[in-house]
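The values are calculated or read from the model by the stated rules, or taken from the named source; none is laboratory data. Please read these numbers as outputs of a predicted model, since none were measured by experiment. Here Cβ is always computed from backbone atoms with ideal geometry, including for glycine, and neighbour counts include all displayed protein chains. The area values use the complete protein model at the heavy-atom level, side chains included, leaving out ligands, DNA and RNA. Shrake-Rupley method; radii C 1.70, N 1.55, O 1.52, S 1.80 Å.
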Amino acid sequence: MSRTLDVDHLVVGAGAMGMAFTDALVDHSDARVAVVDRRHGAGGHWLEDYPFVRLHQASTFYGVASTVLGGRIQEQGPEAGLHVRASQPEIVDYYARAVERLRATGRVEVLTGCEVVGRTVVSRISGRTWEVPESCRVVDAHYLSPSIPAESSAPFSVADDARAVTVNDVVRLEEAPSQYVVVGSGKTATDACVWLLGQGVDPDAICWVRPRDPWMLNRALIQPDPAIYLGVPATTFEEAATSSSLDELFLRLEDAGVMLRIDRSVTPTMAKAPTLGEWELELLRSIGNVVRRGHLRHVERGRLEMEDGTTVRVADDAVVVHCAADGLKNPPLVPVWQPDVITVQPVRAGFPCFGAAVTGYVEATRRDDDEKNRLCSPSRFGNSLAQWADMNVRGTRASMALGAEPDIAEWANTVAVNPARIPPGHASEELDRVRERLAAATAPGLEALTRLMATG
Ligand SMILES: Cc1cc2nc3c(=O)[nH]c(=O)nc-3n(C[C@H](O)[C@H](O)[C@H](O)COP(=O)(O)OP(=O)(O)OC[C@H]3O[C@@H](n4cnc5c(N)ncnc54)[C@H](O)[C@@H]3O)c2cc1C
């Protein structure tokens with residue numbers, strides 16, 4: 001017998017987006033909400049990610065608006081002076097506590113191990129079912145769900161006598177091979193290389209199959225201090241205004257210390273732009289055996305068959321490490337509010353948690369969907385250089401629309417997940433200077449990025 005969930009919102013997905021949306025909605029309205037996830041807990045992909053993953057940004061920028069994740073400065077190690085970055089167990093624990101907080105309001109049901117099919121919730125464990133009332137709004141909080149190696153088969157075939165593992169399983173090897181083949185161009189592959197080197201693997205024992213080279217943001221500049229953080233968009237807009245191409249802009253941002261690349265003899269074509277520490281960069285540069293022959297197609301014992309038709313010799317006992325899932329998705333941008341569904345998407349440039357939180361805040365405080373869509377127009381994640389530029393143009397315009405609303409501006413300056421926040425009473429000459437630079441550079445910078453996007 002199906003039970004009715006007496007709720008105003010059915011949030012499908014208890015990952016970072018679903019949790020940030022619900023947290024802000026519940027804190028700024030009297031809405032009753034059901035959050036549903038097919039996984040066994042909240043936290044989304046973090047529940048299944050590789051064990052040595054860490055947030056690539058300061059923890060402070062991640063999570064939900066009501067509860068700060070992290071907030072401390074590291075005192076030791078290669079990132080001494082930078083903010084802490086939570087590990088996977090810390091992130092999973094954080095979301096478990098966020099669920100408790102939501103349940104404690106008495107207005108939120110969190111149902112895990114359950115699938116949402118249309119407007120029906122079905123337990124994958126007990127088979128029980130729940131319906132929601134006609135008036136209930138469905139919230140798609142998995143529209144951007146990333147794919148991860150642990151849950152996606154490797155995009156290459158492997159012969160029976162060859163060895164391949166996902167990045168999750170590299171930590172479980174019983175015996176060290178004479179060579180590792182790391183496959184992937186993104187954050188997961190850089191993490192795998194840094195982890196292997198940290199375990200004492202010789203750089204010459206790593207073969208890195210890297211179809212594309214990535215641009216990455218300098219982590220030292222993506223810190224929860226507005227005088228530091230706001231310098232990044234200010235420099236980006238200033239340099240864009242006098243650049244003749246996106247490649248030239250990125251090279252200038254590299255000279256300005258904003259962007260990093262592993263190999264300075266190669267012009268990267270990928271701009272998902274995760275952050276990287278200079279110490280990681282040095283380690284990654286120690287790997288000389290980099291294969292740029294397109295995607296890996298097939299693995300035989302002792303050789304790799306590449307997309308460009310060539311064959312690459314590797315050790316017979318080589319272990320191939322799958323780090324080649326698509327990761328961040330870039331589905332078509334849709335209006336966040338539509339009659340039958342609210343689709344949570346990034347709003348500002350990057351920082352998906354703030355995007356989900358401000359969407360929850362706007363859902364809680366505004367009545368008219370057209371007005372809500374005017375305030376929260378969706379942005380995308382970067383991938384190509386042109387998509388990165390588009391992300392920054394859309395994200396900046398959305399931030400300006402949100403910032404023009406006094407209540408949203410006041411709220412946004414109090415929430416840690418907002419990377420651009422200026423906490424009340426936070427003032428310095430340095431901050432004044434960078435705000436002046438940003439104010440002067442934004443309009444010409446947006447115009448320039450739009451021009452560069454068109455010309456590539
Ligand atoms: C390894 C990795 C590291 C990252 N590091 C950072 C970082 O440092 N900083 C940062 O800002 N971003 C980072 N990101 C990106 C960021 O985490 C994601 O963009 C985003 O937060 C993903 O969260 P999500 O809630 O959209 O998706 P998910 O985490 O995938 O959550 C969506 C949930 O929806 C559930 N679901 C889907 N369909 C249904 C259904 N029909 N019924 C029930 N449940 C359903 C799924 O089970 C899933 O748990 C990282 C991403 C990855 C993969």
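The alpha-carbon of LYS372 sits under 29 angstrom from the alpha-carbons of these lysines, leaving out residues fewer than 8 places away in its chain: LYS272, LYS329. Surface analysis of segment 144-219 yields an accessible area of 40 Å² per residue, using protein heavy atoms and a 1.4 Å probe. Pairs of Cα atoms nearer than 8 Å and 6+ residues apart set the relative contact order; for the chain it is 21 percent. Roughly how many percent of the accessible protein surface of segment 390-456 is carbon and sulfur, given a 1.4 Å probe and a whole-percent answer? Carbon-and-sulfur percentage of accessible area, whole number: 55. Taking the Cβ of VAL358 as the center, what net charge do the other residues with Cβ under 11 Å away carry, scoring Lys and Arg +1 and Asp and Glu -1? Charge balance near VAL358 sits at 0.
Here's the picture: charge each Lys and Arg Cβ at +1 and each Asp and Glu Cβ at -1 in segment 292-375, and of VAL347, CYS323, LEU375 the one pushed furthest to the positive end of that dipole is CYS323.
Over all distinct Cα pairs, what is the inverse of the mean 1/r for segment 325-412, reported as the Kirkwood hydrodynamic radius in Å? Over segment 325-412, the inverse of the mean reciprocal pair distance is 13.2 Å.
For the pair GLU254 and SER135, what calculated FRET efficiency results from E = 1/(1 + (r/R0)^6), where r is the Cβ-Cβ distance and R0 = 51 Å, to the nearest 0.05? Write down the numbers at each step before the final one.
Values: r = 53 Å, r/R0 = 1.03.
The pair SER135/GLU254 has a calculated efficiency of 0.45.
Once the chain from HIS40 to GLU174 is taken as fully extended at 0.36 nm per residue, the excess over their C-alpha distance is 45.4 nm.
Charges on Cβ only, +1 for Lys and Arg, -1 for Asp and Glu, centred on the Cα centroid of segment 263-400; of THR310, VAL266, VAL393, which one is farthest towards the dipole's positive end? The residue sitting most towards the positive pole is VAL393.
Give, as a single signed number, the net charge of other residues whose beta carbon lies under 15 Å from the beta carbon of ARG252, with Lys and Arg counted +1 and Asp and Glu -1.
Numbers: positive: ARG261, ARG264; negative: GLU238, GLU239, ASP247, GLU248, GLU254, ASP255.
Neighbourhood net charge equals -4.
Per residue, segment 1-99 exposes an accessible area of 38 Å² to a 1.4 Å probe, with every protein chain left in place. Ligands, DNA and RNA left out, the 1.4 Å accessible surface of segment 125-183 is 48% carbon and sulfur atoms. If you plug the beta carbon distance of ALA443 and GLU151 into 1/(1 + (r/R0)^6) with R0 = 56 Å, you get a FRET efficiency near 0.85.
How large is log10 I(q)/I(0) at q = 0.08, 0.11, 0.12 Å⁻¹ when the Debye formula is applied to the Cα atoms of the chain, each weighted equally and without solvent? Each listed q corresponds, in turn, to -0.49, -0.92, -1.09. For segment 126-178, the set of GluC sites (Glu not before Pro) satisfying both a DSSP loop assignment and a count of at most 13 other C-beta atoms within 10 Å is given as GLU134, GLU174, GLU175.
Under the convention that each Lys and Arg Cβ holds +1 and each Asp and Glu Cβ holds -1, the size of the dipole of segment 159-230 around its Cα centre is about 380 debye.
The peptide list 213-226, 112-125, 181-194, put in order of mean Cβ contacts within 10 Å with the highest first, becomes 181-194, 213-226, 112-125. Can you give the helix-only mean residue ellipticity at 222 nm for the chain, where every DSSP H stretch with n ≥ 4 adds -39500 (n - 2.57) and the sum goes over all residues, rounded to the nearest 500 deg cm²/dmol? Rounded to the nearest 500, the figure is -10000 deg cm²/dmol. Each part gets one Cα centre, and for segment 283-353 versus segment 117-176 those centres are 17 Å apart. What you get for segment 1-130, charging only the Cβ of Lys and Arg (+1) and of Asp and Glu (-1), is a dipole of about 340 debye around the Cα centre. Assuming charge only on the beta carbon of Lys and Arg (+1) and of Asp and Glu (-1), the dipole of segment 80-148 about its Cα centre is about 120 debye to the nearest 20. Using the Cβ of LEU304 as centre and a radius below 10 Å, the other residues enclosed give a net charge of +2, where K and R count +1 and D and E count -1.
Of the accessible area of segment 1-49, with the probe set at 1.4 angstrom, what percent is carbon plus sulfur?
Working: 780 of 1640 Å².
Roughly 48 percent, rounded to a whole number.
Computed extension gain for GLU371 through ILE73, at 0.36 nm per residue and net of the alpha carbon distance, reaches 103.4 nm. Entry comment: accessible area of segment 351-456 is 44 Å² per residue, from protein heavy atoms only and a probe of 1.4 Å.
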